[in-house]
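Here's the structure we're looking at; comments come further down.
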Amino acid sequence: MSLMLKLLMSMIVITATLDASMSEAKLTKYVKKFIVKNPAVRVSSVEIVDIQKVDGEEGWEVYLTNMKLIHNGKDLSVPQTIFVNGDLITPALMNLKRNKNYSNEYKPSIPDSYYSDDHLLFGNKDAKHKIVIFSDPQCPYCMEIVPEIMDAARKYPDTFALYYYHLPLLSIHPVSGILVRVMHVAQDWKKSDVVEKLYSLKINPNETNIDKVLAAVKTQTGFSVTKAEIERKAVKQAIESDEDAAAKVMVTGTPTIYFDSQWDKMRNRYKSFMP
C-alpha cells in the first residue's frame, strides 16, 4: 500500500462480532466502523475477491477483499484481508506459538480471463502449466527471478505458458513508466526477446527523459521504437489495464507470480515441473 493510502486510512487491529453469514454488505459495515477511520475517506463498498480456509486454524476463513473508497472525489481501490470465524472478524490473525502472521500468507486465485492471448509472452497457450507474472523490469527481485522463468517457458513451451502483466513501481524507479511502454510495444510486435533483454538494461532508475531512455534501449538491445509509438493512447491504456488487473486480485508488489492460478509465494514452483 502506498504512503498516501496509509495516511488516508487509520487501521486498527480489533476483533469484532458479526453474524456468521458473511456478505459484502456486512463487510462494508465492518470496514466503515473499524478499518477506515479517516472522516475524509468514504467507504462506498467492499468487494469480496476470494474466500479461502486458513491452514491449521480450525474454523477460520480469510476473505480477500478490495475496499472501494472515495477521497477528494477520486475513486480508490485498496486491498484488505479480513479473517472470519463464525461471529468473530479481524483484519489480522497471528499465531504466536507458530510465530506466524497469516496476513502474509494468502492472495486470491486468479480467474481464467487472465490467460488472454495478448498477455502470452512465452510458451504455448495449451501448455500443461500456466504462469502469470506481475513485474517491473527495474525491480531487483524481478531482475533476478523473472528472466529465469522466461527462459524456462521459452525452452519448454509445451510445459509452461507464461502470461505477463506490467506493474511499474514508479515511486521507486520512475524510469519503469517508460520502459513498460517500450516492452508493451515490443510484445505487440511479437518481439518477446526484447522484453527479456530489458531486464538487464543498465540505466538510471530515476531517468524520465524519454529520448535518453529510448536511446539506451536501442544501444543495449538493438530494439528501435519512437516516442510517438510508445505514447499512443492504446499503449497507455494497455498499461493501465494491467495495473487494474493487478488491483483486482490484490497484487501490490513485484514480482508476484501465480502458478496454475494459485499464488506462488516462493516464486519457484515451476522448477518442480521442469522436464
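The values are calculated or read from the model by the stated rules, or taken from the named source; none is laboratory data. It should be emphasised that the depicted structure is a prediction, and the values quoted were computed from it without experimental measurement. Ideal geometry is used to build each Cβ from the backbone, glycine not excepted, and the neighbour counts take in all protein chains shown. We work out accessible area using only protein heavy atoms, side chains counted, and drop any ligands, DNA or RNA first. Shrake-Rupley method; radii C 1.70, N 1.55, O 1.52, S 1.80 Å.
With the structure loaded, tell me whether residue 78 is at pLDDT below 95 and open to solvent by less than 10 Å² (accessible area, probe 1.4 Å) or whether it fails that test. Give the derivation first.
Numbers: at pLDDT below 95: yes; open to solvent by less than 10 Å² (accessible area, probe 1.4 Å): yes.
For residue 78, the condition - at pLDDT below 95 and open to solvent by less than 10 Å² (accessible area, probe 1.4 Å) - is met.
Let me confirm something: among 170, 120, which residue is closer than 19 Å to residue 257 by Cα and either at pLDDT 95 or above or of a type in the set (Lys, Arg) (or both)?
On the way: 170 fails: closer than 19 Å to residue 257 by Cα.
Matching residue, one of 170, 120: 120.
Can you tell me which residue among 202, 130 is in a loop (DSSP other than H, G, I, E, B), of a type in the set (D, E, K, R) and either out of contact with any Cys (no Cβ under 7 Å at 6 or more places or on another chain) or open to solvent by less than 80 Å² (accessible area, probe 1.4 Å) (or both)?
Among 202, 130, only 202 is in a loop (DSSP other than H, G, I, E, B), of a type in the set (D, E, K, R) and either out of contact with any Cys (no Cβ under 7 Å at 6 or more places or on another chain) or open to solvent by less than 80 Å² (accessible area, probe 1.4 Å) (or both).
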The conditions are (1) open to solvent by 40 Å² or more (accessible area, probe 1.4 Å); (2) touching an Asp or Glu at 6+ places or on another chain (Cβ under 9 Å); (3) more than 25 Å from residue 185 (Cα to Cα), and residue 93 fails exactly one of them. Which is it? (1)
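Considering every residue within segment 221-242, establish whether at least one is over 25 Å from the mean Cα position of the chain (by Cα) and acidic (Asp, Glu).
Within segment 221-242, the first condition is being over 25 Å from the mean Cα position of the chain (by Cα), and the residues that meet it are 221-229.
Next, from what is left, pick out any that are acidic (Asp, Glu): 229.
The answer is yes; a qualifying residue exists.
Results for (1) touching a residue at least 40 places away in the same chain (Cβ under 8 Å); (2) aliphatic (A, V, I, L, M); (3) open to solvent by 10 Å² or more (accessible area, probe 1.4 Å); (4) not in a helix (DSSP H, G or I), shown as yes or no for each residue.
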| residue | (1), (2), (3), (4) |
| --- | --- |
| 235 | yes, yes, no, no |
| 241 | no, no, yes, no |
| 244 | no, no, yes, no |
| 250 | yes, yes, yes, yes |
| 257 | yes, yes, no, yes |
| 267 | yes, no, yes, yes |
| 270 | yes, no, yes, no |
| 275 | yes, no, yes, yes |
For the list (1) open to solvent by 30 Å² or more (accessible area, probe 1.4 Å); (2) in contact with a helix residue (DSSP H, G or I) (Cβ under 9 Å, 6 or more places away or on another chain); (3) modelled with pLDDT under 95, I need the number of the one condition that residue 99 fails. (2)
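Restricting the search to segment 57-67, which residues are out of contact with any helix residue (DSSP H, G or I) (no Cβ under 9 Å at 6 or more places or on another chain) and open to solvent by 30 Å² or more (accessible area, probe 1.4 Å)? Walk me through how you get there before you give the answer.
The initial filter retains those residues of segment 57-67 that are out of contact with any helix residue (DSSP H, G or I) (no Cβ under 9 Å at 6 or more places or on another chain), namely 58-59, 61, 64.
Once the filter is applied, which keeps residues that are out of contact with any helix residue (DSSP H, G or I) (no Cβ under 9 Å at 6 or more places or on another chain) and open to solvent by 30 Å² or more (accessible area, probe 1.4 Å), segment 57-67 yields 58, 59, 61.
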